[in-house]
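Step one of this worksheet: look at the structure below.
The values are calculated or read from the model by the stated rules, or taken from the named source; none is laboratory data. From a predicted model like this one, the values you see are computed outputs, not experimental measurements. All Cβ positions, even for glycine, are placed from backbone atoms using ideal geometry, and neighbour counts span all protein chains on display. The accessibility values were calculated without ligands, DNA or RNA, using every heavy atom of the protein model including side chains. Shrake-Rupley method; radii C 1.70, N 1.55, O 1.52, S 1.80 Å.
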Amino acid sequence: SLVPVKENIYQLAVLITDVAKYIEKDSELDKYAQRRGVSVYGLQNCLHMLPSDFSQKTLSLICGEIKDAIVITAEVKIEGGEVTEVVNCSSPENTTMKCMIKLCYKSAQQLLNSKTPETEEVRKRVKEFDSTGKLSISETLKLLFNIAMNIRIKRLGDAAYCYQISDPGEEENWQSHLLVEELMIWANNLIAKYLYKHLPQKSILHRQLPPLP
């Protein structure tokens, strides 16, 4: 989410469902997740750490439903449409949230391109969203994309990696894919640092080499 705080200053928030609120310790689901250890995302499919039905229905953010969540926030300065600073990043915090709109990559890309979404359901949700905030959903997505690009450039500079095989629809919806990917990497990085600081002996973290010069 992105909320204007004052002139040229916005609060960025990345939220994910707080899984611990929905799974009891040592339950069958907990043991199942321990055996899997991690979700694996391939080019064409995904092997979830938890059962797919549970992940997609109970844990997914569903429009109109209030969910327990974990949030990472930051203060973003945007001047003339350009992101100049992303500062005051928070530690992970518990919160609750209500999802106002759910978009597929294609619909998000259409809104990034200032086009009208194809489906009536999405158009209805967009109208509801636009009537409740200071920013329209199209404006919000465009600013989020600019923030994601700013984070990416700081993370990789001009370096880039391109899959030989793209996910279906990724090439034509590349901006919406990049937006989600970069903000999740940003949030995951902050959470990893938090876990390593507070639980150094129990943190299972994946590391990768920096990009080649």
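Of all residues in region 93-105, those that are surrounded by fewer than 16 Cβ atoms within 10 Å (Cβ to Cβ) and touching a residue at least 40 places away in the same chain (Cβ under 8 Å) total 3. In this structure, Lys25 does not qualify as out of contact with any helix residue (DSSP H, G or I) (no Cβ under 7 Å at 6 or more places or on another chain), within 30 Å of Phe145 (Cβ to Cβ) and charged (D, E, K, R). Restricting to region 123-157, name every residue that is in contact with a strand residue (DSSP E or B) (Cβ under 6 Å, 6 or more places away or on another chain) and open to solvent by 40 Å² or more (accessible area, probe 1.4 Å). The answer is Lys134, Asn146. Which of the residues spanning region 41-89 are over 20 Å from Glu24 (Cβ atoms) and charged (D, E, K, R)? Of everything in region 41-89, those that are over 20 Å from Glu24 (Cβ atoms) and charged (D, E, K, R) turn out to be Glu65, Glu75, Lys77, Glu79, Glu82, Glu85. Given the criteria modelled with pLDDT of 90 or more and open to solvent by less than 40 Å² (accessible area, probe 1.4 Å), does Val87 qualify? Against the criterion (modelled with pLDDT of 90 or more and open to solvent by less than 40 Å² (accessible area, probe 1.4 Å)), Val87 does not qualify. Set side by side, the residues Lys21, Lys67 differ, and just one is on the phi < 0 side of the Ramachandran plot, open to solvent by less than 70 Å² (accessible area, probe 1.4 Å) and modelled with pLDDT of 85 or more, which is Lys67. Among residues of region 30-54 that are exposed (fewer than 12 other Cβ atoms within 10 Å of the Cβ), those with a Cβ under 8 angstrom from a residue that is modelled with pLDDT of 85 or more and not in a helix (DSSP H, G or I), sequence gap 6+ or separate chain, pair up as Gly37/Met49; Val38/Met49. When the test is whether a residue is modelled with pLDDT of 85 or more and aliphatic (A, V, I, L, M), Ile151 passes it.
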